[in-house]
Structures are given as C-alpha cells and as structure tokens.
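J.: Below: one structure in structure tokens.
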Amino acid sequence: MERIPMSAPDLDESDIQAVLEVLRSGRLALGPKAKEFEELMAEYIGVKYAIAVSSGTAGLHILVRALGIGPGDEVLVPSFTFAATVNAILYEKGIPIFVDVEPETYNLDPDDLERKITKKTKAIMAVDIFGHPAEWDRILEIADKYNLKVIDDSCEALGAEYKGKKIGQFGDAGCFAFYPNKQMTTGEGGIIVTNNPEIAKLARSLRNQGRGEMSAWLEHERLGYNYRMDEMSAALGVSQLKRIEIFLEKRDKVARMYTERLKKFLWVRPPIVKPYVRMSWFVYVITLQDGLNRDEVINELEREGIPARGYFSPIHLQPYIKEMFGTKEGILPITENISKRTLALPFHNNLKEEEIDEVVSVLQRVVERKIS
Ligand SMILES: *Cc1c(COP(=O)(O)O)cnc(C)c1O
C-alpha cells in the first residue's frame, strides 16, 4: 500500500481549469476573482462582508489592528491552539492572557475566561479548535458583560455551526484560512468575515497598503500591509467553495469511520462533539490514556509507515513566549495535561476505508505493545 499522507487537498480538473483561466487572462492581481470569492463566501457564511487576504495569519493580524488592540492591552486567548492565533496579538504588542480549555472539546473554558478578566482586558480571541465551535453563547455573554471585543479565529472551522448558526457570524469578526491542509484550499490564503461595515472598510485598507477606498495608488491613509489575495488563489477558492458541502460530508464520513473503530478501546478517547453543533472536521485528534507516552507512540507509528502528529504543543510553553512573558508549566492544568496526550491521525477527504483500518490496526498494535 502507498504511504498514507497526513493530509491532502481535494483538487480536480475544474480547479486546475479555473487557475489556468486566470493565467490566460493575464490579470493576476486586484482582479474580478477575489471579488467573486468574497461575494460567494459572504453568502455561504451568512455575513454582510468578506475580505480575502493572503493567509489566515494576515487576516487575524488585520483584525487585531482593526479592533484597536495595542500596546498593553490584554487579550484572552487559548494556549491550546496554533501559534498564529497568539502571534497576531503580539504583532500589535498586545498581551496574551492564556485561558484554559474545556476537557471535552478543548475549546476556551468560559469559567476560566471570566476569572482572567482584569481592568486591562480589551478583547477575547476565541478559537473553534479542530473545527468544533467554541461555547459561543457563554463567550458572547461574558464579552457583553465586560464590554470586550471578540475575534473568532475560525481558521479551522469553515462550515461549522453552533446552534444552527454558521461559524463566522459570532463576535465582531472571524477569519478562515485556506492552507492546503484545511477543509478547502487556495494554496496560501484566508478571508475575514464580519457584519460590521467599519471593520470591513478598515480591513480592506489594511490589506492594501493602507489605501483608502477612493485613494490614488500612491496615497496612503494609514500604515498598511500587502496582505492581498492573488487572482490564481481566488479562482481556486471560487472553484473549491462550490464543493465545500461535499468536502465536509466526506470528512464527516472519514471521522465517523475512525470513531466507530476506536470507541471500543479503553486506551483512547475519540473526539467529543457537542449535540448542538455541526462539526467541520479539520483534523482528527484522539486523546491517549494518561500515562501512555504520546511521543513514543507517534515515533513508533512513523516507523511503521503511519504519519501522526502531536496536536497542539501549548503556546505558553513555547521558547519565545516563555522568554517574553516568563510563563511556566503549571498555569493551565487541562491544556498541559491534554497536550501531552493528543495526537492527530492521517485525515483527508478521500481517505479510504482500508487505509483507516490500517491506521487503526497499527495504532492498536503500537499501543497494546506498550500497555501489556
Ligand atoms: C491554519 C490556522 C491559522 C492560519 O494559518 P495560515 O497558515 O496563516 O493560513 C490560524 N489559526 C489557526 C488555529 C489555524 O489552524
């Protein structure tokens, strides 16, 4: 059997044709495709504005700027996430205040969130981790009570729903990402979504070198960036978005096949999905029983030809964060415990049943060798 990849984009001939058409048109940037992608995405998510950008990280950075988060402002954020979530805050000299996670979904724990609010707290950066929506009712209630801004790092959750409403509609704004391991891809790319016209206008300016809507090409109203999405990426986005519901169904089917096979083992906990959400599977992450050495399990899986990855390594224990803020082990008990036990299995739209069987049987062999 060919080596099973950790992740893989789902590309077909229509995607290839869409990109070729842009190349043949000669218009590679600032053209009609980015606009079309934005309109289709706004409609899909159910928001008024969508602003395509060069990456999810760029989109999050723009949102931190657009919401006026600056030096000394505290932003509540999970540590159990991808570094980009926290980096977007650091680019503007905001201070990340790390919040622990719920033991079931690994999303922000609303009780710990409220405990960590101070006079300096300006915003909440929530994450819908692995495509499972955060506990939005409670988060928004707390934000309202303390008058905090809310950014949704929804980069892992395109198409997910919380109590019947699509992710991307919660908080002041959200941002999706389209790196090739996400639910759909544009190569590199991201998109900001919001119902707030001021945020939308600022985001358009910030991604385009700080130009105003009416500015001449060399007229800049503010410090901006080149965070624009190019036309090839946007065309691929338009083409991929047409199949997003098929992609999400395929991913759900793969996840169900994994869970069906893993739920009988006592040494592993498959992902937990709350009854009132629609999960949009980004990665399939399992939690090993306490005491099993996760990193050894990953190495042994690799040795048997099955790729696997530790997901996530807490951000508050990364070398640069420890150096900047003096953070130490012990401040986030749940995050620290689970991050030693979680691992992502190979996961993509077209993973076959035989491949899932193989991954599970190798995993079983590796783990049972260790606990026997
Ligand atoms: C993918 C991802 C991002 C953005 O990543 P880019 O590679 O910059 O597009 C941000 N936050 C989270 C949680 C992600 O998973």
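J.: Write out, first by first residue and then by second, each pair whose Cβ atoms fall under 7 Å of each other, whose residues are 6+ apart or on separate chains, and whose first residue, in the range 42-57, is farther than 11 Å from P197 by Cα while the second is within 14 Å of the ligand (Cβ to nearest atom) and part of a helix (DSSP H, G or I).
T.: I51/R207; V53/G59; V53/I62; V53/R207; G56/A84; T57/A84; T57/N87; T57/A88
J.: Taking the range 352-364 as the region of interest, how many residues are surrounded by 12 or more Cβ atoms within 10 Å (Cβ to Cβ) and touching a residue at least 12 places away in the same chain (Cβ under 8 Å)?
T.: Count: 9.
J.: Further, regarding this structure: Given (1) among the aliphatic types (A, V, I, L, M); (2) in a loop (DSSP other than H, G, I, E, B); (3) open to solvent by less than 60 Å² (accessible area, probe 1.4 Å), identify the lone condition not met by L218.
T.: (3)
J.: Still on this structure, I have one more. One residue is enough: does the range 63-70 have a residue meeting the conditions modelled with pLDDT of 95 or more, in a strand (DSSP E or B) and away from the ligand (no atom under 12 Å from the Cβ)?
T.: No, every residue in the range 63-70 fails to be modelled with pLDDT of 95 or more, in a strand (DSSP E or B) and away from the ligand (no atom under 12 Å from the Cβ).
J.: What number of residues within the range 325-351 are open to solvent by 10 Å² or more (accessible area, probe 1.4 Å) and touching a His at 6+ places or on another chain (Cβ under 7 Å)?
T.: Final tally of qualifying residues: 2.
J.: Any chance the range 7-26 includes a residue that's more than 26 Å from Q318 (Cα to Cα), under 20 Å from the mean Cα position of the chain (by Cα), aliphatic (A, V, I, L, M) and open to solvent by less than 40 Å² (accessible area, probe 1.4 Å)?
T.: Yes, that holds for at least one residue.
J.: A follow-up question, please. From K250, K264, K274, grab the single residue that is part of a loop (DSSP other than H, G, I, E, B), open to solvent by less than 90 Å² (accessible area, probe 1.4 Å) and basic (K, R).
T.: K274 is the lone residue from the list that is part of a loop (DSSP other than H, G, I, E, B), open to solvent by less than 90 Å² (accessible area, probe 1.4 Å) and basic (K, R).
J.: Pairs under 6 Å by beta carbon, first residue of a type in the set (D, E) in the range 1-27, partner not in a helix (DSSP H, G or I), six or more apart or different chains?
T.: D10/N349
J.: Hey, can you tell me all the residues within the range 227-247 that are among the charged types (D, E, K, R) and assigned to a helix (DSSP H, G or I)?
T.: Hits for the range 227-247 are E231, E245.
J.: For the range 283-324, what are the residues that are β-branched (V, I, T), part of a loop (DSSP other than H, G, I, E, B) and open to solvent by 10 Å² or more (accessible area, probe 1.4 Å)?
T.: V283 - this is the single residue of the range 283-324 that is β-branched (V, I, T), part of a loop (DSSP other than H, G, I, E, B) and open to solvent by 10 Å² or more (accessible area, probe 1.4 Å).
J.: Right, here's the next one. Counting only residues that are without any contact (Cβ under 8 Å) to a residue 40 or more places away in the chain, surrounded by 24 or more Cβ atoms within 10 Å (Cβ to Cβ) and within 11 Å of the ligand (Cβ to nearest atom), give me the helices (runs of 4 or more DSSP H) lying completely in the range 78-196 with at least 2 of them.
T.: Output list is empty.
J.: Further question: Can you tell me how many residues in the range 185-229 are closer than 30 Å to P9 by Cα and not polar (S, T, N, Q)?
T.: So the count comes out to 16.
J.: Test each condition in (1) in a strand (DSSP E or B); (2) farther than 24 Å from L248 by Cα for T327 and report the one that comes out false.
T.: Result: T327 passes all but (1).
The values are calculated or read from the model by the stated rules, or taken from the named source; none is laboratory data. As the structure is a prediction and not an experimental result, all values here were calculated from the model. Virtual Cβ from ideal backbone geometry, glycine too; neighbours counted across all protein chains shown. These accessible areas exclude ligands, DNA and RNA; they are computed on the full protein's heavy atoms, side chains included. Shrake-Rupley method; radii C 1.70, N 1.55, O 1.52, S 1.80 Å.
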